[in-house]
Structure formats: structure tokens, C-alpha cells
Amino acid sequence: MKYIFIITTVLVLTNNLFAQKKTKLNFQISKFDVNEKFFETKSVIIDKVDTLNLDFYCKNFNLPNKFRLKLFSSKFKNEIITKTFNINIENDSIHYPKNANQSNPYDIYKFDKKGRLTDFIRESCFTCNWEYYKIKIIYNDNEQTAIMYKVNFLKNETDYSDYLKIYFNKKNIFKLEKYRSKKLIETIELSNNI
């Protein structure tokens, strides 16, 4: 009986020791009403990842929806990339589906001289039920925030009332603010590592 207790204790302590090595990320999600008054908050805990990019937020929080990309790419500085489907975000490469052809919709990515994504266009495709989608991203001078706007494809005008404000440091995004009609409606913020 004594040995069973000792073995169980050693197993529990060993398991706790290894479990503590895996760091978790704690995010606070806050929602606001039309008068920008806070009405709901919740905490979400997620396993730590190497990079907090737009793909991470899209996968885990569906924000921004339809837009799974990185803001930065050292490989595509000052380039316009036109390819079928998405850039492979894991290793900065372009991948094609096996049966890609001219009837498939394609994406256009425009990067500035610093390797920052400034424009994204998804061409429409009636057979696959995709609509035309265009995003414009504007970075501030201190390089710690960016604002993502949707472009009205009928007028080719940027809609400055609905946007996503992105906060980042060292190319990791730590906060998103979603605005509708220029009013804050949701925030997702990395509060700390657990």
C-alpha cells in the first residue's frame, strides 16, 4: 500500500511538472452596445503559439472573418502576388490546389517595400459562390497599429465607418478592435501568458 501511494505521488508530481511547461495564452473578449457601453466580457484560454497573426485570430475568434493572412512577409517586399487561393501562411509560400484552373477565383496580395500587406482582393466566382472582396490596410507611422478597411466594390470606395484596428509589436498582434459605423463593438486582447 505504501508503494502504491509513493508511485501515485511521483506520477502526479511528474505530470504537473510537464504540464506547467506548456504555456497558455489568456484573451479577454469584450463586446459593446451601439452606444459603446460595455455589456459583455469573457476570458478565453488558448495554447501558446509561435506567432499571433491574422490567421491565428481568424481560426480562434473568427475575426477578421474571410481573411486568413499574415500582415508581414519578408519574402514578398514591394510585390503584387496574384495566385489561386491563399498564401500558405506557415512558410510564406504559394500553394495551388490540385485542380486549379482559370475558372477558379484568385487572390491578389499587394505588399509594400517593408513587406507589409497593404491590399487584398478576392475575385468573385459565381460557380463557387464567392463574392468580390477587397481589403485595404493602412499602417500608422510608429508601426504599432494598422487599420483594415473593406472597400465597396460597386463604387471602388473605401468604407471608413466599418473597420478593424490591429495592435501589434514585433510582428505579433496582441489586440483587435472591431468598429461598426465608427463605434467600437468588440475587442479581443491578449491579457497575459498563463
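The condition of being among the hydroxyl-bearing types (S, T, Y), closer than 25 Å to S161 by Cβ and either surrounded by fewer than 16 Cβ atoms within 10 Å (Cβ to Cβ) or modelled with pLDDT of 85 or more (or both) holds for Y57.
Take L164 and tell me if it is in contact (Cβ under 8 Å) with a residue 12 or more places away in the chain, within 20 Å of K134 (Cβ to Cβ), part of a strand (DSSP E or B) and touching a strand residue (DSSP E or B) at 6+ places or on another chain (Cβ under 7 Å). Answer is yes for this residue. A search for C-beta distances below 8 Å between a residue of the range 20-49 that is without any contact (Cβ under 8 Å) to a residue 12 or more places away in the chain and any residue that is surrounded by 10 or more Cβ atoms within 10 Å (Cβ to Cβ) and outside any strand (DSSP E or B), counting only pairs 6+ apart in sequence or on different chains, returns F39/D33. For R122, the test of being of a type in the set (D, E, K, R), at pLDDT 60 or above and within 16 Å of the chain's Cα centre (by Cα) is failed. Return yes when F5 is surrounded by fewer than 12 Cβ atoms within 10 Å (Cβ to Cβ) and either modelled with pLDDT under 65 or touching a helix residue (DSSP H, G or I) at 6+ places or on another chain (Cβ under 9 Å) (or both) and no when it is not. So F5 passes the test. Residues in the range 167-185 that are under 16 Å from the mean Cα position of the chain (by Cα), among the basic types (K, R) and assigned to a strand (DSSP E or B): K175, K178. Screening N142 with (1) outside any strand (DSSP E or B); (2) buried (at least 18 other Cβ atoms within 10 Å of the Cβ) gives one miss only, at (2).
Just to check your reading of the model, which residue among K110, K182 is modelled with pLDDT of 85 or more and buried (at least 16 other Cβ atoms within 10 Å of the Cβ)? Sole residue among the options that is modelled with pLDDT of 85 or more and buried (at least 16 other Cβ atoms within 10 Å of the Cβ): K110.
The values are calculated or read from the model by the stated rules, or taken from the named source; none is laboratory data. Predicted, not measured: the structure shown is a model, and the values here were computed from it. All Cβ positions, even for glycine, are placed from backbone atoms using ideal geometry, and neighbour counts span all protein chains on display.
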